[in-house]
Amino acid sequence: PYRGCLVHYEAPEISRSILDTGQAEPPPQADVYALGASLLISATGRRAVEYPDDAPRPVQREAVANGRRRPVKAPGKLGQLIDAMLSHDPRDRPTLQEAREVLR
């Protein structure tokens, strides 16, 4: 069973499932979130959700699951795309194909 990854790349629905059940079944939208988190770190040097670096994983996951996300401070279309990819609700995220079109 999937038990999570580096929390700063983990989608809120994954964090919530792991907190509630100890495991998760990652949907494709979780990959979109993870890519958005990677792009954000690459563009700004900051992760999407703020929590203390030394916080235990459950505390980190609680911050992610509760949607305490920093504002995206990346310019232009890239910033708009990252913001959409990091939407708390997976239904509000673009598909990987839609993200690819913007990144071209």
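Between L103 and E50, the contour length at 0.36 nm per residue exceeds the Cα-Cα span by 16.5 nm. Once the Cα-Cα distance is subtracted from the 0.36 nm per residue extended length, the R70 to L19 segment shows a gain of 16.2 nm.
Taking Cα centre as origin and charging only the Cβ of basic (Lys, Arg, +1) and acidic (Asp, Glu, -1) residues, the dipole magnitude of the chain rounds to 300 debye. Taking the C-alpha atoms only, the angle from helix 12-21 to the longest principal axis of the chain is near 10 degrees. Fewest-first ordering of R93, R100 by other beta carbons within 10 Å of each residue's beta carbon gives R100, R93. By the count of other C-beta atoms within 10 Å, a proxy for reagent exposure, I14, I41 are ordered fewest to most as I41, I14. Subtracting the Cα-Cα distance of I41 and H88 from their residue separation scaled by 0.36 nm leaves 15.2 nm.
Each reported figure results from applying straightforward, stated rules to the coordinates on display, with no laboratory input. Keep in mind that what you see is a predicted model, and the values were worked out from it rather than measured. Virtual Cβ from ideal backbone geometry, glycine too; neighbours counted across all protein chains shown.
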